[in-house]
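Report on the following structure.
The values are calculated or read from the model by the stated rules, or taken from the named source; none is laboratory data. Since the structure is predicted, the reported quantities are computational estimates derived from the model, not experimental observations. In this analysis, Cβ positions are derived from the backbone assuming ideal geometry, glycine residues included, and neighbour counts consider all displayed protein chains.
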Amino acid sequence: VITEELREWRGRAIPLEGKQIHDVVDDLSRKYIDVEVEAEFKRGQYEGTRSLDTKRFRVVGVRDSDADDYHLYITNLPREEFFPADLATLYRCRWEVETLFRELKTQYELDEFDTNDPDVVKILLYAALLSLLVSRELLDLVTEQADDEIVFPPERWAATFRSH
């Protein structure tokens, strides 16, 4: 439930306080949504009972004009220091890091090592990072030469690269 709007809008803006965010998000045409919400959740079981609790979060939405919808981010970062566009960039970069680590673990086998020798671990780590670097460089070259309609998702490319 939206408890407070953190940004004022001019004109005939739809008031959001007291409404569920997913109920109003489709009716909005703002560039950004910046609100505080109160979320209710069940606590973990303790001595046979589960209790309900609430917590407040900041929810930021950035309109994606191509998809005609919002990318919503739940955060505890302060409004004074992080504007909605900054948060979108920050979370997009964070997601890139997450997918990069997932690729390293799944395609380049960094999730398990068959050794405890620190030197061998370093060698395996460097080999995986170099393989990733070469793979991404080749992907960039192939993407440059390919038609605009052809898309090579990085993880699918990595699996193909790894298999050869």
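Candidates in the range 136-160 are the residues that are free of Cβ contacts under 8 Å to residues at least 40 places away in the same chain and within 17 Å of Leu104 (Cβ to Cβ); of these, the one that is nearest to the chain's Cα centre (by Cα) is Pro153.
Criterion applied to Leu110, Leu124 was being at pLDDT below 85 and over 21 Å from the mean Cα position of the chain (by Cα), and the one residue passing it is Leu110.
Residues are listed down the side, and each one gets a yes or a no for (1) of a type in the set (Val, Ile, Thr); (2) loosely packed, with under 12 Cβ neighbours inside 10 Å; (3) assigned to a helix (DSSP H, G or I); (4) in contact with a Cys (Cβ under 9 Å, 6 or more places away or on another chain):
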position	(1), (2), (3), (4)
Leu100	no, no, yes, no
Leu104	no, no, yes, no
Asp119	no, yes, yes, no
Leu125	no, no, yes, no
Leu132	no, no, yes, no
Ser135	no, no, yes, no
Asp140	no, yes, yes, no
Val151	yes, yes, no, no
Arg162	no, no, yes, no
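Sub-8 Å Cβ pairs linking a first residue in the range 7-32 that is on the phi > 0 side of the Ramachandran plot to a second residue that is among the aliphatic types (A, V, I, L, M), at least 6 apart or interchain, are Gly18/Val1; Gly18/Ile2, ordered by first then second residue. Here the condition is being among the hydrophobic types (A, V, I, L, M, F, W, C) and assigned by TED's automatic domain parsing to the domain that holds Pro153; of Val60, Val37, Val121, Val25, it holds for Val121 alone. Count of the range 59-79 residues, restricted to those that are hydroxyl-bearing (Ser, Thr, Tyr) and either at pLDDT below 85 or outside any strand (DSSP E or B) (or both), is 1.
On the given criteria, is Glu40 exposed (fewer than 12 other Cβ atoms within 10 Å of the Cβ), in contact with a Ser or Thr (Cβ under 7 Å, 6 or more places away or on another chain) and not in a helix (DSSP H, G or I)? Here the answer is yes, as Glu40 does meet what is asked. Scanning the range 73-93 for residues that are buried (at least 17 other Cβ atoms within 10 Å of the Cβ) and in contact (Cβ under 8 Å) with a residue 24 or more places away in the chain yields a count of 3.
Inclusion of Asn116 among residues that are within 17 Å of Ile33 (Cβ to Cβ) and out of contact with any Pro (no Cβ under 9 Å at 6 or more places or on another chain) is not warranted.
Kindly indicate which of Val97, Val62 is β-branched (Val, Ile, Thr) and under 18 Å from Glu5 (Cα atoms).
On the way: Val97 fails: under 18 Å from Glu5 (Cα atoms).
When all the criteria are applied, what remains is Val62.
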